[in-house]
Every structure is written in C-alpha cells, then in structure tokens.
1. Would you confirm, using the coordinates I've provided, whether GLN62 is part of a loop (DSSP other than H, G, I, E, B) and in contact with a helix residue (DSSP H, G or I) (Cβ under 7 Å, 6 or more places away or on another chain)?
2. Only one of these is at pLDDT 85 or above, under 22 Å from ILE82 (Cα atoms), of a type outside the set (S, T, N, Q) and not in a loop (DSSP other than H, G, I, E, B): LEU36, LEU25, LEU56, LEU8. Name it.
3. Are there any pairs, at least 6 apart or on different chains, whose C-beta atoms fall under 8 Å, with the first in segment 29-46 and farther than 17 Å from LYS66 by Cβ and of a type in the set (Lys, Arg) and the second open to solvent by 60 Å² or more (accessible area, probe 1.4 Å) and at pLDDT 90 or above, and if so, which?
4. Could we say that VAL77 is crowded, with 16+ Cβ neighbours inside 10 Å and of a type in the set (A, V, I, L, M, F, W, C) here?
Amino acid sequence: IANMNPALAEELGVQPDEGVVVLRLKRRSFARQSGLAPGDYILSINGQEIKRVSDLEASLAQPSRKWTFSIKRAGRVIQRSIGL
C-alpha cells in the first residue's frame with residue numbers, strides 16, 4: 001500500500017486520486033482473501049475514512065470481530081464485510 005501522489009500516479013500510469021492505493025498483495029495474504037486487488041483504493045474501514053497509510057494502520061489496530069470496508073476499483077465503490 002502507498003499514499004497516492006502525483007509522482008506515484010505517473011510511475012503507475014494512472015490518474016492521481018487521493019487516498020491509499022494497494023500496490024501488491026502476497027499470494028496467500030488475508031488482504032487478498034478479503035477481495036482486495038492491486039490498484040484498489042481503500043476508502044474506509046469500519047466507518048473510519050482512510051486518507052493516508054497512517055489512518056489505515058490506526059484503523060487496523062482497533063480490535064474488531066467484523067471488518068467492513070469500502071474500496072474504489074475502476075471508478076466503482078465496493079463494500080465488503082468479513083468476520084462474524
């Protein structure tokens with residue numbers, strides 16, 4: 001994951017968008033099993049807006065039995081839930 005910025009957008013050949021973008025995923029990672037894919041923007045987790053990697057880290061540090069997250073993929077917003 002990375003904070004999107006104009007230099008990164010140019011390197012990836014995409015239009016810059018604000019937020020946290022998924023760059024790569026390990027083959028058997030929890031993130032991949034949760035439905036994340038490279039190029040996804042993480043918008044929120046459990047109702048907390050994600051604007052920077054530090055926001056994501058803080059949100060994931062909170063204990064939860066269920067994780068609800070929103071991602072932006074190819075211009076569409078997708079909602080996912082995992083857990084109990």
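The values are calculated or read from the model by the stated rules, or taken from the named source; none is laboratory data. Worth saying up front: this structure is predicted, and the values here are computed from it rather than measured. Glycine also receives a Cβ, built like all others from the backbone with ideal geometry; neighbour counts cover every protein chain displayed. Ligands, DNA and RNA are stripped out before the accessible areas are found, and what is left, the full protein with its side chains, is counted by its heavy atoms. Shrake-Rupley method; radii C 1.70, N 1.55, O 1.52, S 1.80 Å.
1. Considered against the rule, which asks whether it is part of a loop (DSSP other than H, G, I, E, B) and in contact with a helix residue (DSSP H, G or I) (Cβ under 7 Å, 6 or more places away or on another chain), GLN62 comes out as no.
2. Working: LEU36 fails: not in a loop (DSSP other than H, G, I, E, B); LEU25 fails: not in a loop (DSSP other than H, G, I, E, B); LEU8 fails: under 22 Å from ILE82 (Cα atoms).
Exactly one of LEU36, LEU25, LEU56, LEU8 is at pLDDT 85 or above, under 22 Å from ILE82 (Cα atoms), of a type outside the set (S, T, N, Q) and not in a loop (DSSP other than H, G, I, E, B), namely LEU56.
3. Note: pairs meeting the criteria are ARG32/LYS26.
4. no
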